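Single-structure report; data block below.
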Amino acid sequence: MNRLGGETSPYLLQHADNPVDWQPWGEAAMREARERDVPLLISVGYSACHWCHVMAHESFEDAETAALMNAYFVNVKVDREERPDVDAVYMNATQAMTQHGGWPMTVFATPDGHPFYCGTYFPRPQFQRLLQGVHNAWTEDRDNVVTQGAKVVEALNENTALPSGPLPTQETLATAVQNLRDTFDPVNGGFGRAPKFPPSMALEFLIRYQSAGARGESARLHPMPTSPEAGATMSTAREMSGFTLERMARGGMYDQLGGGFARYSVDAEWVVPHFEKMLYDNALLLRVYTHWWRATGTPLARRIALETADWMLRELRTEQGGFASALDADSEGEEGRFYVWTPEQLREVLGDEDGAWATGLFEVTGTFEHGSSVLQLLNDPDDLPRFDRVRARLLEARAQRVRPGRDDKVVAAWNGLAIAALAETGAVFERPDYVEAAETAAGLLARLHVDGERLVRTSLAGQAGDHAGVLEDYADVAEGFLALYGVTGNDAWYVLAELLLGTVLDRFPDGSGGFYDTADDAERLFQRPQDPTDNATPSGQFAAAGALLSYAALSGSARHREAAHEALGAVSVLAKGHARFAGWGLAVAQAALKGPVEVAITGDLGDPATRALHRAALLADVPGLVIAAGAGDVPLLQGRGTAPAAYVCRNFTCRMPVTTPEELRAELLAAG
């Protein structure tokens, strides 16, 4: 019997009508496997995963394959976005056994959950042979199978700790820039070879590194570095970040009609994407493009930031005010069908003259399948009014197509990223609708996901899920709440961040300066997951370091500051050879080396003089700048009076107050 019908995960519900006797992850599945004396077949994926859909159509909807699965195994479906802890430990096993990983992930395990054979996507004929082969091994060579599972678990548990080092120095960060340069693609931007993923965290670090050294040529808030080595790395950082951000924004990975970024590019040139659109990618990139504009004033950065924010509000907002997880890659059973165009389709919508113009402008030259193309915009149009008309007509025509499915699941961590990005973007570009959207999403998390001092990872349609938050949930939500406080001055968000970070310090430490990804009272898996390296999102450890550092700057808490510094010790180990996987830690370390700089703004935020000071602080290109504003009990504001004024501080040691934006900019220069 298929037991997924009562689940809240859209991914699990996609499989509720399969002939496979699926059940969710849990003790009930393991108990059944022990009672039947059969292995577990654990299938891990997510709703927007193209190859997950392919394997589902080929195998899980096939009666013959389902009969083999039901006869030989207890079949468990896992949404990796709902249970990142389960996904992490089995991905470790898959990568250890096969030297690669991905989704769908297919794991055969003992009834105790110990993996003994792992893989990813299997075509149906191969999968059927594999099912029979694993069954034969289980029935005819059980001892070796069980021994293999025990050895895998033992090996994985022997290699969990990453050495830590001291707090990174400016020299450490310069080394990281050089390491990033070693894998930088000077022709196309980005790092490494195809497929290329948006390196959001590394780009955030490079922008902060550049800003710390020069503050950006337009802002002129800090002198140029004096040493040739520092000048060279700063120039390298500027070139790598700016070139990559431009190439990503002009290629096919960015939706040139509707805004928003796809998951990754299958080629090195950013032309053809893997078409699913994820909340976390767009939240991270929104913040990066906003910071790029703040550092450089580049018009492209402003356009992409605003279009991405508009897309998030238009396409991902749920009825409850949170943000959905993803849009599928597929529609009508075809990957990318919703997004691609042929020259004939353009002429049909636009007419011959505009159709030919759009064909050239958008590089419609057969870059995808069956003569279709992903739209690119390699150069700005020479006729902007015409471009706006053409884009509007194409968007209207595209809206008549069958839309990709949406995963309406609200993930706490990713909504935290969205809250931070929208709050900052709304403040920088004076878009109160973005700030309001951030406040609404934060309110949903506070009502539905925050349960005392604990956090629930997911919700759907206003109903909280059953799964406990992991480290990234606590860290990213705290980061979002602190960013929202800095923009709005509503200290309720500061108080909630304080609550969540207290749980981080009480429940997640590993005793050596780092953090586990699950709490000390979480479900026990065969391995307690811990990975300080960034993946598609900031690692839980580095995200926690960032939130702890910001909170310490607002509160003066030595406990939080010390915990942040200790968590950044892993950066010193990764910077030399693996900087790409420590981008967020490097960005936080850059802020830590600057203090971070704190700005306390007193006075009523309804007063124009106070608002002017607040806006000057929000526009300051200072890495990791922390802002306290408004009324309330935030310690950085205490004892400073109620008249409009700004205090620039570091570690609660403040310079004399100033009362004009010009004076505040000068004080930020002196503090740098």
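The values are calculated or read from the model by the stated rules, or taken from the named source; none is laboratory data. Everything quoted here is computed from the prediction, not taken from an experiment. Virtual Cβ from ideal backbone geometry, glycine too; neighbours counted across all protein chains shown. Calculation scope for accessible area: heavy atoms of the full protein, side chains included, ligands and nucleic acids excluded. Shrake-Rupley method; radii C 1.70, N 1.55, O 1.52, S 1.80 Å.
Once you reduce the range 150-192 and the range 24-92 to the center of their Cα atoms, the two points are 32 Å from each other. Cross-link partners of K277 among lysines, defined as those whose alpha carbon lies under 23 angstrom from its own and excluding same-chain residues fewer than eight positions apart: K77, K196, K409.
Here's how it looks for Y516: its modeled amide H is under 5 Å from those of D510, which are all 5 or more places away or on a different chain.
Computed over the chain, the quotient of the alpha carbon radius of gyration and 2.2 N^0.38 Å is 0.97. With the simple model of a label 7 Å out from the Cα in the direction of the Cβ, A63 to N379 spans 6.0 nm. When peptides 410-423, 429-442 are sorted by average Cβ neighbour count within 10 Å, with the highest value leading, the order is 410-423, 429-442. Amide H contacts for H274 (H built 1.01 Å from N in the peptide plane; partners 5 or more residues away or on another chain; cut-off under 5 Å): R263, Y264, S265, V266. Helical runs assigned H by DSSP (4 residues or longer) give the chain a calculated mean residue ellipticity at 222 nm of -15500 deg cm²/dmol, each run adding -39500 (n - 2.57) before division by the residue total. Within the range 544-672, the proportion of Cα pairs with more than 27 Å between them is 23 percent. Computed from the Kirkwood radius of its Cα pairs, the Stokes-Einstein diffusion coefficient for the range 467-599 at 4 °C and 1.567 mPa s stands at 88 µm²/s. Pairs of Cα atoms nearer than 8 Å and 6+ residues apart set the relative contact order; for the chain it is 13 percent.
Converting the Cα gyration tensor eigenvalues of the range 67-193 into ellipsoid dimensions via √(5λ) gives semi-axes, longest first, of 38, 19, 13 Å. Shown in residue order for the range 46-56 are the 3J(HN,Hα) couplings computed by the Karplus curve 6.51 cos²θ - 1.76 cosθ + 1.60 at θ = phi - 60°: 7, 5, 8, 7, 4, 6, 5, 5, 4, 5, 4 Hz (x for Gly and Pro). The length gained by stretching the chain between R124 and S512 to full extension, at 0.36 nm per residue less their Cα-Cα distance, is 135.1 nm. Amide H contacts of S557: none lie under 5 Å away among residues 5 or more positions distant or on a separate chain (H built 1.01 Å from N in the peptide plane; Pro and chain starts excluded). Between 0 and 90 degrees, the angle of helix 471-488 with respect to the longest Cα principal axis of the chain falls at about 30 degrees. Seen from all directions on average, the range 37-102 presents a Cα convex hull projection of 5.1 nm². Straightening the chain between A268 and D451 buys 61.5 nm, computed as 0.36 nm per residue apart minus the Cα-Cα spacing.
The Rg/Rh ratio of the range 525-618, with Rg taken over Cα atoms and Rh as the Kirkwood radius over Cα pairs, comes to 1.12. Loop-located GluC sites (Glu not before Pro) in the range 348-424 (DSSP state not H, G, I, E or B) with no more than 14 neighbouring Cβ atoms inside 10 Å: E369. Computed from backbone phi, the HN-Hα couplings of the range 108-116 come to 9, 9, 5, x, 8, x, 7, x, 10 Hz, rounded to whole numbers (Karplus: 6.51 cos²θ - 1.76 cosθ + 1.60, θ = phi - 60°; Gly and Pro given as x).
Relative contact order for the range 46-186: what is it in percent, counting Cα pairs under 8 Å that are at least 6 residues apart? Here the relative contact order equals 22 percent. Each residue of the range 102-107 was assigned a 3J(HN,Hα) from its phi angle through the Karplus expression (A = 6.51, B = -1.76, C = 1.60, θ = phi - 60°), giving x, 10, x, 9, 10, 10 Hz with x at Gly and Pro. Shown for the chain: the carbon plus sulfur share of the solvent-accessible area, taken with all protein chains present and a 1.4 angstrom probe, equals 50%. Working from label points 7 Å from Cα in the Cα-to-Cβ sense, the E562 to D352 distance is 7.9 nm. If I take R0 = 30 Å and measure r between the Cβ atoms of F387 and R317 in this structure, what FRET efficiency does the formula 1/(1 + (r/R0)^6) give, to the nearest 0.05? Calculated value: 0.65. For the chain, taking a cut-off of 4.7 Å between Cβ atoms, the unpaired cysteines are C118.
Assuming a ≥ b ≥ c are the square roots of the Cα gyration tensor eigenvalues, decide whether the range 531-570 counts as rounded (a/c under 1.5), prolate (otherwise, with a/b larger than b/c) or oblate. It comes out oblate by the Cα gyration axes.
Once C-alpha pairs closer than 8 Å and six or more residues apart are averaged by separation and normalised to the residue number of the range 350-493, the relative contact order reads 21 percent.
Distance between the 7 Å Cα→Cβ label points at E154 and D633: 5.4 nm.
Helix 412-428 and the longest principal axis of the C-alpha atoms of the chain enclose an angle of approximately 30°.
Multiplying the residue separation of L605 and E369 by 0.36 nm and removing their Cα-Cα distance gives an extension gain of 79.5 nm.
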